[in-house]
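Undergrad: Following this message is one structure expressed as structure tokens.
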Amino acid sequence: MKVYMETLGCPKNFNDTQSAKGIMKEAGIELTDDLENSDVMILNTCGFINDAKKESIDRIFELAEYKDCSRKLIVSGCLSQRYDAELTEEMPEVDCFIGVNEYERLPEILLSLSGDNSSPGDSSSDAGRSEVSSREAGGRNQVRACPDETLKPMPRLLGENPYSSTLKIAEGCDNRCAYCVIPDIRGHFRSKRREDILKEAEFLAEKGCKELILIAQDVTLYGVDLYGRQELPALLRDLCRIDGIKWIRLMYCYEDRITDELIEVMAAEEKICDYIDIPIQHSADGVLKAMRRRSTESSIRDTIARLRKAIPDIHIRTTLITGFPGETEEDFEKLLDFVGEMKFARLGVFAYSQEENTPAGEMENQIPQEIKEQRAETIMRRQLDISLESNREKIGKTLEVLVEERDADGSYIGRTRYDAPEIDNSVIFSSTRKLEPGTMVNVLIEDAFDYDLTGKEVQ
């Protein structure tokens, strides 16, 4: 049996896929990157907002075109977890739907779909086979609810270039923002035990990881459920002691949980990148309250000031939502002015997506899509100037760059410690040497553009 697996969505989904592949490999299942010659296709979906749902559904139907009498199609992830019953009814092309925390069941599910009575790699028990068979007897496999338990360690199968790897330190969310369905999809907040995180980080370092990217729905809440307090600062100190890791990057940090202790650790530890991702969503207090965010404009200003005072070179990434129900023109202008004043080094904007089964989805004063998108575009135009200004300040400086690929013209493309993969800036540079992905080099910055830097390697 050859299994092909494809992933849509955020870094958390890609992390889940690596775990799913690790589980299947340990079970003796053959994995392939060749879609057309696979026996089973698995699509790990995103179901967070409307655009992501549409992309996932379109891809399901595209993969369904590859099906024949023997090839199977499994859909996993957030879309499955959120819309299991509807998808089961509307998509007979799909043989099985599984949720976001069911990847341990994949060997048994694959065994059931194949009709084989033997366990692949002897990884599944008779009880497990009986459970799957009974569930299959009444129709296609049904998605289970997310378990309310401590996050367990899982094997991971890394890509060809594991020099930059995510490390999930928690799962689920308890914040219950008015616009968000993540708590319903991924369950309550659950931290991974510190010893398991450190063991996984050591494994990644042994495999060649140089950049460790900490992810969760709320990284800053780490440890509260297990240890009774925010343990991210202590965890970071331990991670910084691991040989081989050069950069540690923080993503998905809630502003109101960025403590002085965390800032002190970030400032003191050289391995922690002068970078932090803080999705503030808005700056107008009325909108923040309607969103059920705990932050206020004052608290956001205070946190940014504390970060910049302790770490003068810090690059703050944020994410905003425009067109939230009831957002007035005055609210939007306030947000636009805030962006201009704060000069976030990295910024992304989403036009609000009205989601069913959320408090915001039922609110009055929904804003027309055209206005939501116009407001998002206006902010991104403002951000272009800010990004260009920030990049121009780097001209003449020599920066450490992580090499990611070689371009067709012979130049190299990489990132600085101020940039997360996929979403932030790139550095395009020349070198007299042949460089492999994952190499760290010093680059003299010679020119700057809206979202890119150019330069040459210096030795």
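Undergrad: Quick one: ranking GLU377, GLU102, GLU160 by accessible area, 1.4 Å probe, largest first, what do you get?
TA: GLU160, GLU377, GLU102
Undergrad: Another question about this same structure. For LYS289, give me every one of the lysines with a C-alpha distance below 24 angstrom, ignoring sequence neighbours fewer than eight places off in its own chain.
TA: Cα-Cα hits under 24 Å: LYS334, LYS343, LYS372.
Undergrad: Quick one: in the chain, what % of C-alpha pairs are over 43 Å apart?
TA: Tail fraction, whole percent: 16.
Undergrad: As a test of reading the structure, rank LYS246, LYS192 by solvent-accessible area (1.4 Å probe, protein chains only), most first.
TA: Result of the area sort, largest leading: LYS246, LYS192.
Undergrad: If the label point is 7 Å along Cα→Cβ of TYR451, which residues in the stretch 340-375 have backbone nitrogen under 15 Å from it?
TA: Answer for this model: 345-351.
Undergrad: Relative to the longest principal Cα axis of the chain, at what angle does helix 329-342 sit, 0 to 90 degrees, rounded to 10?
TA: The answer is roughly 70 degrees.
Undergrad: Give me the number: length gained by fully extending GLN369 to LYS54, i.e. 0.36 nm times residue separation minus the C-alpha to C-alpha distance, one decimal in nm.
TA: Gain in length upon complete extension: 111.8 nm.
Undergrad: For a label point 7 Å from the Cα of GLU160 along Cα→C-beta, name the residues of the stretch 418-436 whose backbone N is under 14 Å from it.
TA: Answer for the stretch 418-436: 436.
Undergrad: Let me ask another. Please express the shape of the stretch 334-459 as an equivalent ellipsoid: the semi-axes are the square roots of 5 times the eigenvalues of the C-alpha gyration tensor, given largest first in whole angstrom.
TA: 37, 17, 11
Undergrad: Could you work out what % of the accessible surface of the stretch 289-333 is carbon and sulfur, using a 1.4 angstrom probe and leaving DNA, RNA and ligands out of the count?
TA: It is 51 percent, rounded to a whole number.
Undergrad: Counting only heavy atoms of protein chains, what accessible area per residue, in Å², does the chain have with a probe of 1.4 Å?
TA: 44 Å²
Undergrad: Next question. If you take the alpha carbon radius of gyration of the stretch 270-344 and divide it by 2.2 N^0.38 Å, what ratio comes out, to two decimals?
TA: 1.16
Undergrad: Then there's this: Set the Förster distance to 25 Å, then compute FRET efficiency between LEU226 and ASN175 from the Cβ-Cβ distance, nearest 0.05.
TA: 0.90
Undergrad: If ARG382, ARG392 are ordered by their accessible area, calculated over protein heavy atoms with a 1.4 Å probe, which sequence runs from highest to lowest?
TA: Result, largest first: ARG392, ARG382.
Undergrad: Just list whichever of LYS152/LYS207; LYS67/LYS210; LYS168/LYS394 have alpha carbons separated by over 30 Å in the model shown.
TA: The answer is LYS67/LYS210; LYS168/LYS394.
Undergrad: For the chain, take the longest principal axis of its alpha carbons; what is the angle in degrees between that and the long axis of helix 126-137, to the nearest 10 within 0 to 90?
TA: 90 degrees
Undergrad: Give, in nm to one decimal, the length gained when the segment between GLU104 and ASP238 is fully stretched (0.36 nm per residue of separation minus the Cα-Cα distance).
TA: 45.4 nm
Undergrad: What is the magnitude of the charge dipole of the chain about its Cα centre, with +1 placed on the Cβ of each Lys and Arg, -1 on the Cβ of each Asp and Glu, and no other charges, expressed in debye to the nearest 20?
TA: Charge dipole of the chain: 1200 debye, to the nearest 20.
The values are calculated or read from the model by the stated rules, or taken from the named source; none is laboratory data. Computed from a prediction, not measured in an experiment: that's the story for all the values here. Backbone-built Cβ (ideal geometry, glycine too); neighbour counts: all protein chains shown. Quick note on the areas: whole protein, heavy atoms, side chains included, nothing else; ligands and nucleic acids left out. Shrake-Rupley method; radii C 1.70, N 1.55, O 1.52, S 1.80 Å.
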